[in-house]
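Have a look at the structure below before the remarks.
Please treat every number below as a calculation from the coordinates, not as lab data. Keep in mind that this is a model prediction, so the values were computed, not measured. For neighbour counting, all protein chains shown are included, and Cβ atoms are generated from backbone atoms with ideal geometry for every residue, glycine included.
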Amino acid sequence: MSIRLRNALIALAALLLATLAVTWFLRSYQRVCGPAPLPVYGEPSFNPVFALRETLRRDGLEAESRRTLDLPAMRLQPRDTLLMLDDPRGLPPAEVEQLLEWVEHGGHLLLAVPPADPALDGQRTLLDRLGILPDSTPPRCQRWRVPGEAAHDEFCGGTRFTLAANSRAERRWGDGADATLAYARLRFGSGRVDVLGDTGFLRNGANRDGATDTGLRDPVHRDLARLVLAPNYGKGRMHLVYAVDAPSLWKTLLQRGWPIGGPMLLALLAWLWMRAQRFGPWLPSPRQERRSLLEHVRASGEHLHRHGRSALLHEAMRTAFLARLRRRAPLAAALEGDAHLQAIADHLRWPLERVRTALQVPSPRDDTALRERIALLIQMRNQL
């Protein structure tokens, strides 16, 4: 089978499989148009009272939301309203005194009751000063009826609470099964404090547990929100605080920053590994032979001399001298015998016997004669 035919068969098989897959998809699925809820983005994704703030502004009221409680920046006035969704037991004593003084002069404070904590019982928190005691009783729904609307079950989540005997309550809302309440309005001086066991109806369509809820889109919830905001509604500014304590930066980075922080940390570790000093293996590398040319020449000469081949050393030096003689004095190099020796002596201006001694081969065991004659040859070669 040729390559072209094989490729054609493979392409035909792939086309057949694609045709079968498309046919199965078109017969098995039907295109249907319908609404799809999109995830929230922007400020509504982190501000649970965004819808309440915008609703109040559209109603002509001054409303602002804050993440944390900042009394100097808020500048609370006697007719203002303050809604706090987070646990108020973490407020410092100085801020507790400022809030109570503000309420006493006509302010309206709305508090969400946090879960009961035995470790905080007996401390002079804001709840203790107001006589509000969180209870560990499981929450129960309260029936809320609005004319022209279906009955709703409210305060199904959150925390039930009780009131101290000296609390001045204008409104109490419980099911009567026990002494626990889901909602109460207290008198404190000239102001009022609304205590809410659950604030799901004030949030952006989701309660505290994350379950879906209609929020302020439901007319019943708007009516209930209008009731709890009634004391100073339209008289002053609305301050909405959805987190008394700002979230920890490190906690936020660990919870939400890992998709970016993780790869960056791996890249940093890889860069450090690339730039780190490498110490090599624990065992040293084997030592490599490393000798210069002069060391090799010296070792070769010692080897020849040790084995009685000193004549080769003299012959090598004599050959080097004669090679230079042929370049510098070719006429003297061309002669032979005594004429050759005499020409060299005349050219170097040396005695004839000294030249003869330098060119004669020494005895193999006469080291002194070998050194003298090699020295004479080197001196003669340098003078050419």
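Numbers for the structure displayed
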item	result
Fully extended contour minus Cα-Cα distance, from SER292 to GLU170, at 0.36 nm per residue	33.2 nm
Size-normalised alpha-carbon gyration radius of the stretch 19-74, reference 2.2 N^0.38 Å	2.27
Estimated FRET transfer efficiency when R0 is 25 angstrom, pair ARG326-ARG306 (beta carbons, to 0.05)	0.15
Dipole magnitude of the chain, debye to nearest 20 (Cβ charges: Lys/Arg +1, Asp/Glu -1, about Cα centre)	2560 debye
Per-pair calculated FRET efficiency, R0 = 41 Å: LEU254 and ASP178 via Cβ, rounded to 0.05	0.50
GluC sites (Glu not before Pro) restricted to DSSP loop in the stretch 27-71 with at most 16 other C-beta within 10 Å	GLU62
Where GluC sites (Glu not before Pro) fall in DSSP loop in the stretch 74-165, at most 15 other Cβ within 10 Å	GLU149
Lone cysteines, the chain (no partner Cβ under 4.7 Å)	CYS33
Residue with peak Gaussian network fluctuation, the chain [Cα springs, cutoff 10 Å], from ASP198, ASP70, ASP367	ASP367
Sequence-separation-based contact order of the stretch 295-383, relative, with Cα cut under 8 Å and 6+ spacing, percent	33 percent
The chain: most fluctuating residue of GLY197, GLY148, GLY236 per GNM, C-alpha cutoff 10 Å	GLY148
Neighbour cut-off at most 15 other Cβ (10 Å), DSSP loop, GluC sites (Glu not before Pro), the stretch 282-384	GLU289, GLU336
Relative contact order of the chain, defined on C-alpha pairs under 8 angstrom at six or more residues apart (%)	16 percent
Spin-label model distance (nm) - LEU269 vs LEU5, 7 Å beyond Cα toward Cβ	5.7 nm
Against the rule of thumb 2.2 N^0.38 Å, how large the Cα Rg of the stretch 43-246 comes out	0.96
Kirkwood-based Rg to Rh ratio, the chain, C-alpha trace	1.67
Rounded to 10°, Cα long-axis angle of helix 93-104 versus longest principal axis of the chain	30 degrees
Shape of the stretch 54-152, Cα gyration tensor, a/c cut at 1.5	oblate
